[in-house]
Amino acid sequence: MNSEIKTGLIFGIIIASGLGVVGVIFSSLDQEVQSSTTFTDMSSLSEIDKSGFKKAPEIVGIANYLNTTPEELSKKMEGKVVLYDIWTYSCINCIRTLPYITAWDNKYSDQGLLIVGIHSPEFEFEKDPENVKMAIEKHGIDYPILLDNDMETWKAFENRYWPRKYIADHEGYLRYDHIGEGRYQETEKIIQKLLEERSMALGIQMASTTSLVDIEEFQHTVFRTPELYFGYKFAQNRNQLGSEEGFQPGKTISYSEPENIDLHKFYPVGDWKNYDDSMELISETGMIKLLYNAKEVNIVTENSAELEILLDGKPLPLEYFGNDIIDNNILHVAEPGLYNIINSDSSSTHMIEIKVRGEGFQIFTFTFG
């Protein structure tokens, strides 16, 4: 091969390599633009392709509006970034998210964020607006709460979980969806990006902030007792009631003292009526026994009663006192809702006995952390 041909080949290879490098660089830049335009950081809003996003569904079937009116809410939602929080007030997972949501409301409401709480009840007592009012006062909620008692807005979102957060941009497109607790920093960063996008679209000056709400997140234990339901319908296909008498829909059953106790099962003692969502104590006194593994134990109850809490056969030690235990290992329940009875630093296995004094006491579920 003569030197001229060699020179030509070498020159051709250099040109091809150079074009390849340039192609890679432009390809890389292309990917950066595509990923950045998903939310913000764009030089032109026309670059945002929203064809892959769905619009937030209409809010429908609301029984009551708290902290707002239908007319006021409709006006407030125009051009806002909207965080829809689907929750219910006796759900412990929902309750753990509320400090973050109320903090975001305080921090971003003046910058174009509107939080709308869609209260979709799990139990009948959660449909009562007076009960929900007490809950939102307890948790310092100032944003609109809508009572979705017939679960129509829940269905419009095609939802199946508590809690669930959807975030819609200022044009109403759903841009974020998260089920359950956690991912608080990720969620707040999405809020910040969508607010920035809104300010650019509307030509509004907005103070830039990258700081995030700093709240200690609840740390779940990996191995813990699952939620236990006292209602025969709610407990369907779950082997949770350990008593040999079992569930007997609509009947009042005299549950006997168990001979053996299995982990992750509850054992009522005394006369209890079986409902689809709960059990009601018919006798003046009764008991519930449970062998559990967790660091936190909660109960959801209705109607007044005095509950004496024993742990491993002894009065509840101070270091295990839940937030709702005052003293003498006694819990007084009155308002329908969730009560924290055990709160410890680490997960462990214990036998808990709840001695109940109060005919008509109703219990719906145990939840754990």
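The values are calculated or read from the model by the stated rules, or taken from the named source; none is laboratory data. The model shown is predicted, which means the values in this text are computed figures rather than measured ones. Methodologically, a virtual Cβ is constructed for each residue, glycine included, from the backbone with ideal geometry; neighbour enumeration extends over all protein chains shown.
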Q. Quick one: would you say Phe218 is touching a helix residue (DSSP H, G or I) at 6+ places or on another chain (Cβ under 7 Å) and either at pLDDT 95 or above or under 28 Å from Ser346 (Cα atoms) (or both)?
A. yes
Q) With respect to Ala207, is the statement that it is over 24 Å from Glu296 (Cα atoms), part of a loop (DSSP other than H, G, I, E, B), modelled with pLDDT under 95 and not polar (S, T, N, Q) true? A) yes
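Being surrounded by fewer than 18 Cβ atoms within 10 Å (Cβ to Cβ) and either of a type in the set (Lys, Arg) or in contact with a helix residue (DSSP H, G or I) (Cβ under 8 Å, 6 or more places away or on another chain) (or both) is the filter here, so list the residues in the stretch 306-343 that pass it.
Lys314, Glu335, Asn343
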Q. What tally of residues in the stretch 175-197 results from selecting those that are assigned to a helix (DSSP H, G or I) and in contact with an Asp or Glu (Cβ under 7 Å, 6 or more places away or on another chain)?
A. 3
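Could you pull out the residue among Ile330, Ile282 that is within 29 Å of Lys127 (Cβ to Cβ), touching a residue at least 12 places away in the same chain (Cβ under 8 Å), touching an Asp or Glu at 6+ places or on another chain (Cβ under 7 Å) and not assigned by TED's automatic domain parsing to the domain that holds Met134?
Answer to the check: Ile282.
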Q.
From the list Val82, Val132, exactly one residue is modelled with pLDDT of 95 or more, more than 25 Å from Tyr173 (Cα to Cα) and buried (at least 18 other Cβ atoms within 10 Å of the Cβ). Which is it?
A. Val132
Q. All but one of (1) under 29 Å from the mean Cα position of the chain (by Cα); (2) modelled with pLDDT of 95 or more; (3) surrounded by fewer than 19 Cβ atoms within 10 Å (Cβ to Cβ); (4) among the polar types (S, T, N, Q) hold for Asn274; which doesn't?
A. (3)
Q) So which of Glu227, Glu245 ends up being at pLDDT 95 or above and under 27 Å from Ser348 (Cα atoms)? A) Glu227
Q | Qualifying positions in the stretch 238-256 - closer than 23 Å to Pro226 by Cβ and either in contact with a Gly (Cβ under 8 Å, 6 or more places away or on another chain) or surrounded by 18 or more Cβ atoms within 10 Å (Cβ to Cβ) (or both) | A | Gln240, Leu241, Gly242, Ser243, Phe247, Tyr255
